[in-house]
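Report on the following structure.
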Amino acid sequence: MPVFLRGDYRKTGSDSYILCILIAAELFMSFSFLGYIHIEPISMTFVYIPVLVAGCVLGPKEGTLVGTIFGLASMWKASAFYIGDGDTIFSPVRSGRPVESILLSVGARALFGLIAGLFYKAAKKSKYPKAGILLVSSIGRPIHTFCVYLFMGIFFSEMGYTVSDTLKGASRPDYLVFMIIVDAIVLGCYIFCRSAYMKRLMYRARAVDKLNAVVGENKWKIAALLIAVMISSISVAVYFTNRISSVMEYYGITLSAEISYDLMHLQIQFLLGMISLAVIAIIFILLYQKNSNYLYHEARMDGLTGLFRRRIFFQKGEKILGRLKYNASDRGGYFLILDIDHFKEINDKYGHPTGDKVLKEIARILENNLGEKGIIGRLGGDEFVGLINVPSSKKEIIQILNNMKKEISKIQAGEEYVTCSMGVVLIEKNQTIDQLYRSADRLLYEAKKNGKNQIAFGQGSL
């Protein structure tokens, strides 16, 4: 795996993709028949399954967030005139007690997500995590009911519900079927997200995101795609609303203010459902594209170190220079060349496997110190290059380079320790990548000429 793409999946921030999918799934289920299935005598609500999945796969914070989305969707649905009188307490508009309704609708679901997330967290730390997950999933419905009844008892005691009513739902004919379905979905999602395939897919997506952030690619394309989806969804909803009004007028039906409001209310639900479904589709398309991009870039990397090869490094570097922001002196970023001292002797004395190990270690050190600040390449042999596209102060760049030298000096080749020489130039306006390379190469020659194990800076670069 390329060095600049290495790292623990859990530390890459890839969870954001899963979280976005779960939020969109929560909205889609809230505004579609999939969230609520009623076939006599069975009536099952699946709308809070994404909350359980978020708490299990991601954690308590994410479970709380998805639970909040669940509560907001529920609050919006309760604001229509066509709902039952008992559900008006979930609407801050219709209940006449907005604060209490928001706490009931949103607060109870957020609490549900938090509790479920904490229970899943404890289950995953247990001796039998999968059994623990099944247990938590099995009581997910009672947890949700408990939270809702708790808030109802506190804020709407006149409804006659208390936490003691929680277990009544367990006696319903659909409980066992529901429990089996929920257990299968949550455990299946947990296993899938921990699979090698999913880790590899998400890792590749975040790796490409990291590369794109450096070279500034594709951001406008993604933004344009999302805007297009929003406009398309809104246009469909507006068209449908207008056609309903036209049909009503054609048949001489006059709609009351309440009916007009409910139609608009339903159209917004339809719009949110369409957008959430589109978002899910877009995320899957992006993940597929990022996976393809990763494989494409991986094929163009140096096979030993995983760094950019010469041609790719110079191509990416030219793009970065075109987007680079300069300071008041029209300067920004650094270009450096690093060369291993006496590398030929290391290969001759200890063999190429030892030399290869040294090259890999150098690449790792470069990535750890400069990977977040720019791009790194291996031009061939023991020559490495780096382009830092983040303007840094004199103190910062000296500290970074000295840290690199210190780490490199700990690399052992046989009975000897490795040293390196560097040529560094400050990037100035209107310079090409070739000019920077030639300037840094001259400085590297000076560092070698003056005894090696040195860093030579260009005139005025620090």
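Positive contributions from Lys and Arg (+1) and negative ones from Asp and Glu (-1), summed over other residues with Cβ under 15 Å from the Cβ of residue 95, come out at -1.
The residues neighbouring residue 78, those whose beta-carbon lies less than 12 Å from its own, together hold a net charge of 0 under the Lys/Arg +1, Asp/Glu -1 convention.
Estimated at 0.36 nm per residue, the fully extended path between residue 36 and residue 310 surpasses their Cα-Cα distance by 92.9 nm. How many percent of DSSP beta bridges within the chain run antiparallel, rounded to 5? Of all bridge pairs located within the chain, approximately 85 percent are antiparallel. In terms of packing, defined here as the mean over residues of other Cβ atoms within 10 angstrom, the peptides 77-87, 414-424, 242-252 line up highest first as 414-424, 77-87, 242-252. The stretch between residue 299 and residue 449 holds 50.3 nm of extra length on full extension. This uses 0.36 nm per residue minus the Cα-Cα distance.
About its Cα centre, the chain has a charge dipole of approximately 1340 debye under the convention of +1 per Lys or Arg Cβ and -1 per Asp or Glu Cβ, with nothing else charged.
Spin-label pair residue 135-residue 396: with each label point 7 Å from Cα along the Cα-Cβ axis, the two points sit 5.0 nm from one another. A protection proxy built from the mean count of other Cβ atoms within 10 Å ranks the segments 46-57, 108-119, 172-183, most packed first, as 46-57, 108-119, 172-183. Taken per residue, the accessible surface of the chain reaches 51 Å², heavy atoms only and a 1.4 Å probe.
The mean of 1/r over all distinct Cα pairs in the stretch 234-371, once inverted, gives the Kirkwood hydrodynamic radius of 21.7 Å.
Surface composition of the chain: carbon and sulfur atoms hold 61% of the protein heavy-atom accessible area at a 1.4 Å probe. Summing charges over all other residues whose Cβ lies under 10 Å from the Cβ of residue 255, with Lys and Arg as +1 and Asp and Glu as -1, gives -3.
Dipole size of the stretch 52-105 about its Cα centre, with +1 on Lys/Arg Cβ and -1 on Asp/Glu Cβ: approximately 80 debye, rounded to the nearest 20. Three semi-axes describe the equivalent ellipsoid of the chain; taken as square roots of 5 times the Cα gyration tensor eigenvalues and ordered largest first, they are 58, 27, 18 Å. Specify the angular offset, from 0 to 90 degrees and rounded to the nearest 10, of the alpha carbon long axis of helix 140-155 from the longest principal axis of the alpha carbons in the chain. Its long axis makes an angle of about 60 degrees. Computed from the alpha carbon atoms alone, the convex hull of the stretch 297-390 holds 94 Å³ per residue.
Annotation: amide H-H contacts under 5 Å for residue 413 (H modelled 1.01 Å from N, sequence separation of 5 or more, or interchain): 418. For residue 344, a cut-off of 16 angstrom between C-alpha atoms picks up these aspartates and glutamates, skipping any fewer than 8 places away in its own chain: 356, 382, 383, 415, 416.
Among 25, 368, 255, whose Cα lies farthest out toward the positive end of the dipole of the chain, if unit charges sit on the beta carbon of Lys, Arg (+1) and Asp, Glu (-1)? Projecting each Cα onto the dipole axis, the largest value belongs to 368. The label point for residue 200 and the one for residue 244, both projected 7 Å from the Cα toward the Cβ, are 4.8 nm apart. Please determine, in degrees from 0 to 90 and to the nearest 10, the orientation of helix 15-30 with respect to the longest principal axis defined by the Cα atoms of the chain, where the helix direction is its Cα long axis. Approximately 20 degrees, to the nearest 10.
The HN-Hα couplings worked out from phi for the stretch 268-279 by the Karplus form 6.51 cos²θ - 1.76 cosθ + 1.60 (θ = phi - 60°) are 5, 4, 4, 4, 5, x, 5, 5, 4, 5, 5, 4 Hz, whole numbers, x standing for Gly and Pro. Here is the size of the stretch 145-194 from its Cα atoms: Rg then Dmax, 15.2, 46 Å. Length gained on full extension, residue 87 to residue 254, computed as 0.36 nm times the residue gap minus the Cα-Cα distance: 57.4 nm.
Model label sites at residue 360 and residue 20, defined 7 Å from Cα along the beta-carbon direction, differ in position by 3.4 nm.
The values are calculated or read from the model by the stated rules, or taken from the named source; none is laboratory data. What you see is a predicted model; the values in this text were computed from it and never measured. Every residue, glycine as well, gets a Cβ built from its backbone with ideal geometry; the counts of neighbours run over all protein chains shown. Note: accessible area is taken over every heavy atom of the protein model, side chains too, but ligands, DNA and RNA are not part of it. Shrake-Rupley method; radii C 1.70, N 1.55, O 1.52, S 1.80 Å.
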